[in-house]
Each structure stands twice: as structure tokens, then as C-alpha cells.
Amino acid sequence: MTQALHDMGVADLVAALASKAVSSVEVTTHLLDRSAHHQHLGAWLCVDRDGALKQARAADEQRARGDVSTPLLGVPLGHKDVFVTRDLPTTAGSKMLTDYRSPFDATVVARLGAGEPGRGPGAGTVTLGKLNCDEFAMGSANENSAFGPVRNPWDVTRVPGGSSGGSAAAVAARLVPAATGTDTGGSIRQPASFSGITGIKPTYGVCSRFGMIAFASSLDQAGPLARSAEDCALLLGAMSGFDERDATSAQRPPQDYAQAMRAVRPGATASKPLAGLRVGLPKEFFPAALSPAVDACVRAALREFEALGATLVDVSLPRTELSIPVYYIIAPAEASSNLSRFDGVRFGHRAAKYTDLLDMYKKSRAEGFGAEVKRRIMIGSYVLSHGYYDAYYLQAQKLRRMIADDFRRCFSGCDLIAGPVAPTVAWTLGGQGDDPVANYLADIFTLPASLAGLPGMSVPAGFAAEGDGRGMPVGLQLIGNHFQEATLLHAAHAFQQATDWHRRAPVLEGA
């Protein structure tokens, strides 16, 4: 083999494991050693060496018996620490859940792993450990974790994006070929863009939320972060499917996204695989304030789409700017309700000293929650309070419907929507200071699709050629209509077959 084990993506490993060119134990051992060598990135909260090697040995033995029902058998992964796991601690990046152990695995974890009794086998991947994230998935930089920030492997003085920053950094640094993440307002797409990898948020309901620690229940959605669209398709296929334990789960069977991604479009040719594809460009996604370096990369990527046969059409999403106030009313409102369960009584952190039950509630929550979580709980409680519900929360829900209607009108004239993921490249650690609004504004291009429940993904599209963030990755965002993940993956795959941005890797100290 000429390719280093850590440089192999999911599809590469699937092929290598199937041909017995490498064993799961070899790959797992190599990635565990590499992760231990690069702890300075802060990507991992928990690494289970013994458990991972046990799973890898079992996968190799299963392959030796010829019992291979899934191509992902033996492929190592990491899980964002908002998915509960029976054999590993789950903290959601918060002191509130220090040392918490779940009695069960989240559906996404089970489906990718060993499966569950009575619910069928899983994909057989190997879990290396749990990945760092913003506390309760609240953040755009992964600086809000109670256990320290994550560093961008392209420049360790910069953020990797959030809240799935640990997942993105681990994949970009080649500590793991892929990882799970969650996207509430852009927390898969934005860190994928900042870290130079591929990430997809599927349609709301495609992946079960059972066992995912809730932030905003009407927005939270699981998805994969990996090197390529092909890798994401393989993982998303295993993660998808109806789950009766999740009331928001879409009643659709698991999808073979890898096969759908390779489907040939009518009229397409080898040189024009995207012939007939209409790509909408919302004028609101290209404002004057957009970083020139980001704009240049995105427009170069769009020219490549044209070269592949796609047609670019102008569209409009007039309520794009309203997505920020709408999201930061709805999401905190749902968070204030979801996080009320963390009271120090049944599980999680409990204050050591208190005088009565109310004092225990106050001290436990004050000690256990970080500043950003407290901020969002207070905002959410305010907008849900008597006298303000109609003025804020109800109005935000009406605007949410209007934002969804804007997308519906756009998709009458195009097949997918494209634009930047974020207005800038990754900023420096602490660069936003104590200004939470600056962080919120970074989500302006990802929030609309989340509010509408639409699938979206980030595809590596180049590197900033100028300015303060010179040399940092830039992602192209693709947004599809409901349940059109295959269209996004097909377009992204065609783009990646023609470019090599997704193959670029950061040079790590002592790599």
C-alpha cells in the first residue's frame, strides 16, 4: 500500500478492508496512536483504546468468517459527545454532565455500530471515542466547551467552527476518517467549511434524534462529517431510516445514498455529469459584506459546476437576514424547555452545599452551565414568558413559515441552491471576544435551511488567497429540497471528481 492509513477515507478503507489489504486492528491502532500524538488539538474528550481494539478484532474475525453484511464493517469513527453511549461517558461538552453514563446508545450510534437487540444489526463500525463540542451544541466556534476549546488543524490559533468542531478537526487532522455531528443552525456545515472537509445535514427527520441530547428539538438533526461526498453517502445511508422512538422521525426506510449518488442524470455525459442541473444563486447569499476571499473561492467553484454542465440561475431568498432573529428566538426558547431537566436531582451535576430544594436547583445549574448556555436559557425563558410569547415566539414561528415558503418558490425554478457557508473563514481563538452577536452573524447563510428543515452540505471549494485568513479553507454550501440528499451528494461528488480540494490535508507538527 502506498497510501498512509490515516490518509484513507471511508470509501478507501471499505475497499482496503474488503480486499484484506489491511485489517481493522491495524487501522484502529494507527489512528489511536495518531490521536494520542495530537492531543493539543483538543478534538477528543474520551478515547476508548481497549474498547476500540476489541471492536476491531471482532470485525476482523467477522470478515474472516465471510460474514460481511455491510461495507462499513471495521471502519473506525468518532462520535460527537451529544450522542449518548452506553460504554462511554457523555458530557455534551458541559460540566453539568461530567461522568454521566447512559444506559443505552443513541439510535445513530447503534445503527453505525453493533446495532441493538431486537432491532437488527448495525453497520459494524468501530468507535474510537467521543469528540469535543460546544456545550449542549450551542456555539459557532467550539470555544464554549467546558473542557477547553478545539483548535483548527490548518492553523492552531484559529477555531475549527462549531458546534461540531471536535468532529471536524478530527477528520481534517486525519485522526479519524469520519465522525458524526449535529446541525441545529449550521453546526455540521460551518465547521466542515472552516476545517476543509465535507459535511451534510440531511432533511429534518431523516436521522433519528433518539439518544441525541436535545438543544432545539424542531431544528436538531444528525449527520456525518467526512473527507468526501462518497464517504458521507456511505455513512448517511447507515444512519438514516425511521425510528418509532423518535416522534419527529420521518417514516421512510433507510436510503442507499451511495448508489443514488452515482445515478446518471438524463442527458449527462462523462464530461458533463451535471447536464440539466439548475443551480440557484440567491442574491442575498452574496452581500457586499461577504469576504472577498470567500467570494472568490465560491465563484470559482460555481464556474466548475458550469463546466460540468450545470446551469446557474438567479433566485432570491428575501428573508435571509430575518433568519438570525427568528432562529435566536426559536432555538433558545426550545433550549430553555429542554435544559430544564438538568436540575441536579436525577442525574448530572449537583451542588455540594445548599440549604433547600430551590437553592439546590439554583446552585447546581449556576455551577453546571457555562455562560453561553445560561444566556440562551434566559433569552428562551423571556420570549416564552407571559406577555412576550405572542410578541416574540409566535411572530418568529410565522416568519419561519415565510422563510420556508421562500425556499419553496426558489425550488420551482432550480434543483439546488448554492452559495457560501459562512461570510468569512475561521477566525482566531478568542477573536470574537465577548460579543455573542458576532458569533450569531456567522450563521446567516446556514440558518435559513435549518429553519425550513431542508438538507444542506458543505463541500471544500478552495483556500483563501488573501486577507487575514489567507490559506484557510473555504466551503461551498449546497441546499436541496426536502429529501433530495441524493441530488446534493451527486452534485458534490461530480465536483469532487473534477477537483482535489477535498483531498488537501493540513500539515501537523510532528505528523
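Within the range 241-263, the only residue that satisfies the criterion of being touching an Asp or Glu at 6+ places or on another chain (Cβ under 7 Å) and assigned to a loop (DSSP other than H, G, I, E, B) is Ser249.
Is it the case, given these coordinates, that Leu41 is in contact with a His (Cβ under 9 Å, 6 or more places away or on another chain) and either surrounded by 17 or more Cβ atoms within 10 Å (Cβ to Cβ) or modelled with pLDDT under 95 (or both)? No.
Residues in the range 301-325 that are buried (at least 22 other Cβ atoms within 10 Å of the Cβ) and either under 20 Å from Gly185 (Cα atoms) or among the hydroxyl-bearing types (Ser, Thr, Tyr) (or both): 2 in all. Evaluate the following for Ala449: is it under 23 Å from Arg151 (Cα atoms), surrounded by 18 or more Cβ atoms within 10 Å (Cβ to Cβ), within 17 Å of the chain's Cα centre (by Cα) and of a type outside the set (Phe, Trp, Tyr)? Criteria not met by Ala449.
Checking each residue in the range 454-500 for being over 16 Å from Asn152 (Cβ atoms) and of a type in the set (Phe, Trp, Tyr) picks out Phe483, Phe495. Annotation note: of Ile417, Ile403, the sole residue that is at pLDDT 95 or above, surrounded by 14 or more Cβ atoms within 10 Å (Cβ to Cβ), aliphatic (A, V, I, L, M) and touching a Cys at 6+ places or on another chain (Cβ under 7 Å) is Ile417.
Residues of the range 158-169 include none that is in contact (Cβ under 8 Å) with a residue 12 or more places away in the chain, in contact with a His (Cβ under 9 Å, 6 or more places away or on another chain) and of a type in the set (A, V, I, L, M). If you go through the range 230-267 and keep only what is closer than 10 Å to Cys207 by Cα and polar (S, T, N, Q), you end up with Ser240, Thr248, Ser249. One residue stands out in the range 256-267 among those that are in contact with a Gly (Cβ under 7 Å, 6 or more places away or on another chain) and under 23 Å from Ala310 (Cβ atoms): the one that is surrounded by the most Cβ atoms within 10 Å (Cβ to Cβ), namely Tyr257.
Among residues belonging to the range 109-159 that are hydrophobic (A, V, I, L, M, F, W, C) and closer than 18 Å to Leu234 by Cβ, point out the one that is modelled with the lowest pLDDT.
Ala114
Annotation note: Cβ proximity below 6 Å between a residue of the range 411-422 that is more than 16 Å from Ala492 (Cβ to Cβ) and a residue that is part of a loop (DSSP other than H, G, I, E, B) (sequence gap 6+ or interchain) occurs for Phe411/Asn481; Ala422/Ala442.
The residue list Ser249, Ser228 contains one member that is touching a Ser or Thr at 6+ places or on another chain (Cβ under 6 Å) and under 22 Å from Ser458 (Cα atoms), which is Ser228. Only a single criterion out of (1) at pLDDT 95 or above; (2) buried (at least 18 other Cβ atoms within 10 Å of the Cβ); (3) out of contact with any Leu (no Cβ under 6 Å at 6 or more places or on another chain) is not satisfied by Met457, namely (3). The residue pairs whose first member lies in the range 1-30 and is of a type in the set (Asp, Glu), whose second member is in a loop (DSSP other than H, G, I, E, B) and at pLDDT 95 or above, and whose beta carbons are closer than 8 Å, counting only pairs six or more residues apart or on different chains, are Asp7/Arg174; Asp7/Ala505; Asp12/Pro177. Where helices (runs of 4 or more DSSP H) sit wholly within the range 1-116, those with at least 3 residues that are among the hydroxyl-bearing types (Ser, Thr, Tyr) and more than 30 Å from Arg365 (Cα to Cα) occupy 24-37. Scanning the range 134-177 for residues that are of a type in the set (S, T, N, Q) and either on the phi > 0 side of the Ramachandran plot or in a loop (DSSP other than H, G, I, E, B) (or both) yields Ser140, Asn142, Asn144, Ser145, Thr157, Ser163, Ser164. Looking at the range 460-478 only, could you name the residues that are touching a helix residue (DSSP H, G or I) at 6+ places or on another chain (Cβ under 8 Å) and either farther than 11 Å from Cys297 by Cβ or in a loop (DSSP other than H, G, I, E, B) (or both)? Scanning the range 460-478 gives Ala464, Ala465, Glu466, Gly467, Gly469, Arg470, Met472, Gln477, Leu478.
The values are calculated or read from the model by the stated rules, or taken from the named source; none is laboratory data. These numbers come from a predicted model, not from an experiment. All Cβ positions, even for glycine, are placed from backbone atoms using ideal geometry, and neighbour counts span all protein chains on display.
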